[in-house]
1. I'd like the FRET efficiency for Q74 and K107, computed as 1/(1 + (r/R0)^6) with the beta carbon distance as r and R0 of 25 Å, rounded to 0.05.
2. Compute the FRET efficiency between Q172 and D59 as 1/(1 + (r/R0)^6), taking r as their Cβ-Cβ distance and R0 = 41 Å, and round to the nearest 0.05.
3. If you average 1/r over all unlike Cα pairs in the range 93-156 and invert the result, what Kirkwood radius do you get in angstrom?
4. Taking 0.36 nm per residue of sequence separation and subtracting the Cα-Cα distance, how much length would be gained by fully extending the chain between Y142 and T67, in nm to one decimal?
Amino acid sequence: MRKLLDRSAASLVLALFAPVAFATQVEEMQTFIGRAAALALVVVMAIAGVYSLFRQLPDKRAATLQTILNEANQAIHSVEADTLVVECVRKMTDKKIDALIVMDGAKLVGIFTERDALSRVLAAGRDPRDTRVVEVMTTDPYCVSPGMTVGTAMELVTKKRFRHLPIVENGQVQALLSNRDLTHWLVSNRGEEVQDLVELAYRS
């Protein structure tokens, strides 16, 4: 009889406290869900804020190629048309560049690239010690002015699959820009600009 009473008392205690425990669990779950929802909202707002900041950044594609030349201060690496290929390759290796401008006096007549060296010299079985660069260079390269926008230049190298663009003004060679130069300039300093906008928004 006593055991029966003890079991009844235990059942009564469980019956009384079960709703409380359940309510506590529900409250904890609601708190967890609330915190998770708040965190998700913060993340979404952060992503939206960064996207908004990027939209406020100036479109660097509207800048002219002259802007790149002013900032990069690139040296013009050139050779004469009668230069031997082996000398061109040595110069490219020494300067750590992948293309040279080929000149005939003051006139640009072509460019010589790593691809030319591989496909038109080595693959063709030519001796670089006995081959003039004028024989294997890319003739009549497409030239653009420094006033062309970066966006237009990017479209040009993409559509025509150019790797290098000679920049010429009034018959004078200003530089030789590669597609990598254009891409690198477009993405450079983006982090600093975002930080500036974040600080401006914070001060506002």
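1. Rounded to the nearest 0.05, the efficiency is 0.75.
2. 0.90
3. After inverting the pairwise mean of 1/r, the radius is 13.5 Å.
4. Extending this stretch completely gives an extra 25.0 nm.
Each value in this text was obtained by applying a stated rule to the coordinates, not by laboratory testing. Just so you know, these numbers come straight off a predicted model, no measurement behind them. Neighbour counts are summed over all protein chains in view; Cβ atoms, including those assigned to glycine, are modelled from backbone coordinates with ideal geometry.
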